[in-house]
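The values are calculated or read from the model by the stated rules, or taken from the named source; none is laboratory data. Just so we're clear, the structure is a prediction, and the values are computed from it rather than from any experiment. In this analysis, Cβ positions are derived from the backbone assuming ideal geometry, glycine residues included, and neighbour counts consider all displayed protein chains. To get the accessible areas, we keep the full protein, side chains included, count just its heavy atoms, and leave off ligands, DNA and RNA. Shrake-Rupley method; radii C 1.70, N 1.55, O 1.52, S 1.80 Å.
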Amino acid sequence: MAAGETQLYAKVSNKHKGRSTASLLDPLLGMGFPAHTALKALAATGRKTVEEACDWLRCHRNDPSLDDPIPQEYALFLCPTGSLLEKLQEFWRESKRQCTKNRAHEVFPHITLCDFFTCEDHKVECLYEALKRAGDRILGSFPSVVPLVLHSSVSYLGFFVNDSPADVIRELALTFATEASVLADCTVKPCTKQLHLTLAHKFYPHHQRTLEELARAIHPGHSCQWTAALYSRDMRFVHYQTLRALFQYKPQNVDELTLSPGDYIFVDPTQQEEASEGWVIGISQRTGCQGFLPENYTEQASESDTWVKHRTYTFSLAMDLMSRKDGEASSRRNGELHPSQTSRDISSIQALQATIARRSVLVVRHGERVDQIFGKSWLQQCSTPDGKYYRPDLNFPYSLPRRRNGIKDFENDPPLSSCGIFQSRMAGEALLDSGIRVTSVFTSPALRCVQTARHILEELKLEKRIKIRVEPGVFEWTKWESGKTTPALMTLDELKEANFNVSLEYRPAFPLASLLPAESYNEYVERCAVSVGRIISACPRDAGVILIVSHGSALDSCTRPLLGLPPRDSG
């Protein structure tokens, strides 16, 4: 690296001691990318993965502005989720269909907390820390219900936020602005005026009554958790028209753009003198290159379609029908999941709702298993003639825990591969970056699930504080297991001996001995539903996120009962 780039990288490394900066930047520098372009790519892709940043750099290799020191613009929004968001999106669709497009359709439903501001690429992670500090500061006082009052005028329709909840939200915006100023040296203007969620803006006056009727169908009391979301945009194209490519186009001349379906093109309406009829001059968001393109290959898009989401801080308002009837206030916690609400059938809806009020559940599938990569004969590939384990490939695990019947017990209870361990750690790191507060962990007794849970907890720095509770009730559908008996799984004592921090006190909903070999599909989904109900009952009402690590099918079988949905067809 050049001396200037070395100094810049040292500045970044010293400023951010966490893993994420180094783990994302180092590989890009190792590939030979200059520090300033690597940081630019990370900022432009939301600092998510090395792969996304590398793809961005590859696509922008011919971008004439690649080396220009142009920072991104950032803004902080408070966004609804859950059923309230669904109702708002339905309003967006119907208002556009019945009353044509207005200015509100340019952006997703939101309450603006801080207007757009600039931040240097090497200071972006400081904004993430500012968001976390601001969220943590007002987490305890964030309103359990954000009251939304409908307001209508000749050119505006939307919800206003008033009284003390508005004061708390303004405090969130002010705290973020202050922290961003200190940590990232940014000038951020928090919203101090009337907080509002715009439904329609600058519409035709004769559409006002129709829009009001559509808006009255939105009940602000709908279940919702509010998320403070940090977005960025390319400041060069703020006043440009945004087009989305519908079809592929291969250039016929050197001054034409390549189009792929889904590409976004920025078009300056004031710079179209050289374009022939039916053609426009635009700049591709994907490549940064400018050229001519056929306008009929595109459609109008919204500016916000090109914005990049960086980080979020979610205030969970786990409200359901029963909690509203009983007047129970929702608890607050930092997470990313929608609260569970209803059971599978009418007779059990109220009971399950009362059980799961104020709870959020995160169901995770285990990482890559070693037999998925090396086949059914994987055990023969890594066994010596005397039955000892050795590592024939780097994707085999470094070692295996001891089992009472030796290495043969791993045949139907395989461990994670090295890539599976990496996946699990990445999942834990993503949860840590997202600010999700995990307070309980339950796992299938399969070794790959217990391993996944441990690696996630290690990345969350919770491996010593939270014990893993093994729940056989969320084990895989036994029909998919080979043999006429359930596989030999590690006992709690064996897991403890292998340094897994498992709970010996937890009494599972389904003991291991009660698992039926080759059970029917109905038996399987009923087992999962009962187990999840018991898991939720075992956790305090004001707990954070309940993490369940299980198998691929559990993503459905452990969540659909909580959403009031019937089981999927077994096919």
Query raised in the report: Given the pairs Lys96/Lys202; Lys48/Lys309; Lys464/Lys496; Lys376/Lys496; Lys123/Lys309, which are separated by over 20 angstrom at their Cα positions?
Result: Lys376/Lys496
Requested in this report: Starting from the Cα gyration tensor of the stretch 83-203, take the square roots of the eigenvalues, sort them a ≥ b ≥ c, and report rounded, prolate or oblate (rounded when a/c is under 1.5, otherwise prolate if a/b is larger than b/c, else oblate).
Outcome: prolate
Report summary line: Among Ser537, His122, Val149, the residue whose Cα sits farthest towards the positive end of the charge dipole of the chain (+1 at Cβ of Lys and Arg, -1 at Cβ of Asp and Glu, taken about the Cα centre) is Ser537
Report summary line: Sorted list, accessible surface of protein heavy atoms, 1.4 Å probe, largest first, for Ile111, Ile407 is Ile407, Ile111
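Say R0 is 25 Å: what FRET efficiency, to the nearest 0.05, do His239 and Ser434 get from their beta-carbon distance?
Working: r = 33 Å, r/R0 = 1.32.
That pair, His239 with Ser434, gives E of 0.15.
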Query raised in the report: How do 143-155, 112-124 rank on mean C-beta neighbours within 10 Å, highest first?
Result: 112-124, 143-155
Report summary line: With label points set 7 Å from each Cα along the Cα-to-Cβ direction at Asp26 and Lys461, the distance between them in nm comes to 1.9 nm
Query raised in the report: Residue by residue, what Karplus-based ³J(HN,Hα) values in Hz, rounded to whole numbers, does the stretch 269-276 have, using 6.51, -1.76 and 1.60 with θ = phi - 60° and x for Gly and Pro?
Result: x, 8, 10, 10, 4, 7, 7, 6
Query raised in the report: Can you give the angle from 0 to 90° between the axis of helix 35-44 and the longest principal axis of the chain, with both taken from C-alpha atoms, to the nearest 10?
Result: 90 degrees
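Once fully extended, how much extra length lies between Cys59 and Glu519, figured as 0.36 nm per residue of separation less the alpha-carbon to alpha-carbon distance? Mind showing how you got there, number by number?
Values: separation 460, 0.36 × 460 = 165.60 nm, distance 5.05 nm.
So the chain would gain 160.5 nm between Cys59 and Glu519.
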Requested in this report: Specify the angular offset, from 0 to 90 degrees and rounded to the nearest 10, of the alpha carbon long axis of helix 447-459 from the longest principal axis of the alpha carbons in the chain.
Outcome: 50 degrees
Query raised in the report: Does anyone have the angle between helix 346-356 and the longest principal axis of the chain? Alpha-carbon axes, 0 to 90°, nearest 10?
Result: 90 degrees
Requested in this report: Evaluate the relative contact order of the chain (contact order divided by residue number), counting alpha-carbon pairs under 8 angstrom at least 6 apart; express in whole percent.
Outcome: 12 percent
Query raised in the report: From the phi of every residue in the stretch 380-397, what ³J(HN,Hα) in whole Hz does the Karplus formula 6.51 cos²θ - 1.76 cosθ + 1.60 yield, where θ is phi - 60° and glycine or proline is x?
Result: 5, 6, 10, 10, 7, x, 8, x, 9, 8, 9, 9, x, 8, 5, 8, 6, x
Query raised in the report: How much length is gained if the chain between Lys101 and Thr187 is pulled fully straight, taking 0.36 nm per residue apart and subtracting their Cα-Cα distance, in nm to one decimal?
Result: 27.6 nm
Query raised in the report: What is the extension gain from Tyr204 to Glu86, computed as 0.36 nm multiplied by their sequence separation minus the C-alpha to C-alpha distance, in nm to one decimal?
Result: 40.0 nm
Report task. Only helical DSSP H runs with n ≥ 4 go in: add -39500 (n - 2.57) per run for the chain, normalise by residue count and round the 222 nm mean residue ellipticity to 500 deg cm²/dmol. Result -> -10500 deg cm²/dmol
Query raised in the report: Packing-wise, with mean Cβ within 10 Å as the measure, how do 204-211, 440-447, 368-375 rank, highest first?
Result: 440-447, 368-375, 204-211
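Would you mind working out the accessible area per residue for the chain, using a 1.4 Å probe, and quoting it in Å²?
Working: 26880 Å² over 571 residues.
Accessible area per residue: 47 Å².
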Requested in this report: Would you please put 268-276, 242-250 in order of how densely packed they are, using the mean number of other Cβ atoms within 10 angstrom per residue and starting with the highest?
Outcome: 242-250, 268-276
